[in-house]
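K.L.:
The structure that follows is given in the form of C-alpha cells.
The values are calculated or read from the model by the stated rules, or taken from the named source; none is laboratory data. Computed from a predicted structure; not experimentally measured. So basically every Cβ, Gly included, is an ideal-geometry build from the backbone, and we count neighbours across all protein chains shown.
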Amino acid sequence: MQLLFPTHELIESQQFLKSFFEAQKELDATKDDRYSNDVPRPKTMKEYVDTLLAHSRGENLPNDWVSYSTFWLIDNDEFIGDTHIRHTLNDHLRNIGGHIGYTIRPSKRKQGYGTKILKLALIEAKKLGIDFALITCDETNIGSKKIIEKNGGIFEKASEQSDGHEKKLLYWIKIS
C-alpha cells in the first residue's frame, strides 16, 4: 500500500528513518543534491523536521522562497520519496519551479511511484486551497513529463532559464 504522510509525523515514529537514510545515500551517489546553498543539509533529523515545520508556517525562509509542506511516500514500510507542495507561487516558481516538486529514490524509479506521488500531492494541494497546480520539469526529463501528463497536466509553454540551464516545461493540472 502506498501512503503519503506529513514528514514530521513519520520521523516522530522513527519507523522509516533507516530507509530514509538509505535513500539519501542513493541520491548522494547520483549527485542529486537535495539541498541548496540557501538551506544546508541538516545535521540531525530534529533539525531537518524543525526546518520543514518552520518553512510550512512561512518562518525562517530563505530570500524569495514561499511556504511549503513536505510529505513522504511510504510503501511496504519503506521510504520511497518525498514531495514539496508550495503554498503560493512567486515569479521564479511561476516560470521554473511550480507548486509541486517530488523526488523518488533511484532504486524505486520507473515503477509507477512518480505518478503515484504526484497524484497524492495533488490531493494535499487541494487541501491547501490550490485549484490549479503548476508542475514543471526539465525539457529532457521524459519520465517527469509522462508523470505530469498521466496526472492530467496540460502543457502551457517551455520556459527559458536565464542561468544557462535547460528549458523547463510548464504544465497546469486542474485539481477536482
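Here is a yes/no grid of residues against (1) among the small types (Gly, Ala, Ser); (2) more than 23 Å from residue 172 (Cβ to Cβ); (3) over 15 Å from the mean Cα position of the chain (by Cα):
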{"position": "59", "(1), (2), (3)": "no, yes, yes"}
{"position": "65", "(1), (2), (3)": "no, no, no"}
{"position": "68", "(1), (2), (3)": "no, no, no"}
{"position": "74", "(1), (2), (3)": "no, yes, no"}
{"position": "87", "(1), (2), (3)": "no, no, no"}
{"position": "98", "(1), (2), (3)": "yes, no, no"}
{"position": "101", "(1), (2), (3)": "yes, no, no"}
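K.L.:
Would you point out which residue out of 54, 23 is touching a Gly at 6+ places or on another chain (Cβ under 9 Å), over 18 Å from residue 138 (Cα atoms) and either assigned to a helix (DSSP H, G or I) or modelled with pLDDT under 90 (or both)?
P.N.:
Exactly one of 54, 23 is touching a Gly at 6+ places or on another chain (Cβ under 9 Å), over 18 Å from residue 138 (Cα atoms) and either assigned to a helix (DSSP H, G or I) or modelled with pLDDT under 90 (or both), namely 23.
K.L.:
Is it the case that some residue within the stretch 58-69 is closer than 19 Å to residue 23 by Cα, surrounded by 21 or more Cβ atoms within 10 Å (Cβ to Cβ), touching a helix residue (DSSP H, G or I) at 6+ places or on another chain (Cβ under 7 Å) and of a type in the set (Phe, Trp, Tyr)?
P.N.:
No, the stretch 58-69 contains no residue that is closer than 19 Å to residue 23 by Cα, surrounded by 21 or more Cβ atoms within 10 Å (Cβ to Cβ), touching a helix residue (DSSP H, G or I) at 6+ places or on another chain (Cβ under 7 Å) and of a type in the set (Phe, Trp, Tyr).
K.L.:
Right, next: Mind telling me which of the residues 89, 169 ends up being surrounded by 13 or more Cβ atoms within 10 Å (Cβ to Cβ), in contact with a His (Cβ under 7 Å, 6 or more places away or on another chain), modelled with pLDDT of 95 or more and over 22 Å from residue 24 (Cβ atoms)?
P.N.:
Just a single option satisfies the conditions, and that option is 89.
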